[in-house]
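Q: Quick one: structure below, then a few questions.
The values are calculated or read from the model by the stated rules, or taken from the named source; none is laboratory data. Predicted model, so just to flag it, every value in this text is computed and none were measured. Neighbour counts are summed over all protein chains in view; Cβ atoms, including those assigned to glycine, are modelled from backbone coordinates with ideal geometry.
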Amino acid sequence: MITKFKIYEATDRGEEIIYTLKTQAISTSVSNTYKYNVNILETEDIGHGKYTLSIETTPGCWYVSTLMENDRRYSKSFSIQGDDWLCENWRDIMKELIEILPKLDILTQTKKYNL
């Protein structure tokens, strides 16, 4: 299997996207299902770690180090801003995030990320 790499070229929230998860965030309403890209961003805030998890076009953005420190990573779903928006597959997102974490430093050093 050939692994493809792509040089950083996209941004989210003004930060470089270093990895886009294969798992999209899913939210449903009465009549529709919505899917959102989930990106790992490289940030400048060393105090909270150098990575954030961002769900595009939503208010959802967290320091990865903070997500690893509490029980959010075990939740089946996750609400943003009360009941305004619900990510229904949070556990799947966290599973993929945990799998990619050991590779993030290499990806940022080479300025490339997996497609």
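Every residue, every condition in (1) at pLDDT 80 or above; (2) not in a helix (DSSP H, G or I), yes or no:
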| site | (1), (2) |
| --- | --- |
| 17 | yes, yes |
| 44 | no, yes |
| 68 | yes, no |
| 86 | yes, yes |
| 94 | yes, no |
| 107 | no, no |
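Q: Which residue pairs have Cβ atoms under 8 Å apart, sit 6 or more places apart or on different chains, and have a first residue in segment 10-32 that is under 25 Å from residue 107 (Cβ atoms) and a second that is modelled with pLDDT under 80 and part of a strand (DSSP E or B)?
A: Qualifying pairs under 8 Å: 17/11; 17/113; 18/113; 19/113; 19/114; 20/113.
Q: Please specify each residue of segment 56-66 satisfying the condition of being touching a Gly at 6+ places or on another chain (Cβ under 7 Å) and either modelled with pLDDT under 85 or not hydroxyl-bearing (Ser, Thr, Tyr) (or both).
A: Of everything in segment 56-66, just one residue is touching a Gly at 6+ places or on another chain (Cβ under 7 Å) and either modelled with pLDDT under 85 or not hydroxyl-bearing (Ser, Thr, Tyr) (or both), namely 64.
Q: Inside segment 33-63, can you point out the residues that are aliphatic (A, V, I, L, M) and either on the phi > 0 side of the Ramachandran plot or in contact (Cβ under 8 Å) with a residue 40 or more places away in the chain (or both)?
A: 38, 40, 53
Q: Which of the residues that make up segment 15-56 are under 14 Å from residue 85 (Cβ atoms) and of a type in the set (Val, Ile, Thr)?
A: The answer is 26, 28, 33, 38, 55.
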